[in-house]
């Protein structure tokens with residue numbers, strides 16, 4: 001996985017820089033998302049893995065499946081990926097592109113796992129506090145995990161706050177065993 005990310009990163013950055021320079025981040029995001037969904041289909045992925053198909057055949061097939069949904073710049077991007085035998089990286093490129101886009105737009109996805117479901121008011125207060133702390137607009141993704149016993153766990157990339165009862169009990173056990 002780390003190797004795929006390493007290989008995909010320069011392509012994602014190039015796509016992002018092209019999209020940002022032309023003020024078409026949303027458009028590129030949509031087009032890359034379409035490509036990402038296509039390459040996840042079993043038949044398309046199988047086609048891309050057949051060495052008998054030339055790079056041009058692979059690129060043309062992928063572009064044709066998208067129809068008129070792709071602009072010329074994205075079609076050229078697909079051809080470059082095919083020429084460099086990197087079409088299989090499209091899923092990872094999409095993920096990295098979206099991370100770059102979110103960073104550029106100063107938006108962060110925050111996963112909130114709580115022992116009980118949070119009402120709308122609690123979600124709004126939590127989002128406001130996280131916005132102030134992270135200095136970014138926050139998109140909350142909430143889920144419930146009863147095994148936390150109480151409290152919640154907040155994850156935003158590498159940033160983690162474990163305010164769960166289970167987490168506090170685990171810390172207490174570690175302290176007692178040390």
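The values are calculated or read from the model by the stated rules, or taken from the named source; none is laboratory data. Remember, predicted model here, so these are calculated numbers, not experimental data. All Cβ positions, glycine included, derive from the backbone under ideal geometry; neighbour counts span all protein chains shown.
At a glance:
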| read-out | value |
| --- | --- |
| The stretch 72-123: number of residues that are assigned to a helix (DSSP H, G or I) and over 15 Å from residue 143 (Cα atoms) | 31 |
| Within the stretch 111-154, tally of residues that are in contact with a helix residue (DSSP H, G or I) (Cβ under 6 Å, 6 or more places away or on another chain) and surrounded by 15 or more Cβ atoms within 10 Å (Cβ to Cβ) | 5 |
| Filter result (part of a loop (DSSP other than H, G, I, E, B) and surrounded by fewer than 16 Cβ atoms within 10 Å (Cβ to Cβ)) within the stretch 23-63 | 23, 41, 50, 51, 52, 53, 54 |
| Failed item, numbered, when residue 80 is tested on (1) over 23 Å from residue 102 (Cα atoms); (2) modelled with pLDDT under 95 | (2) |
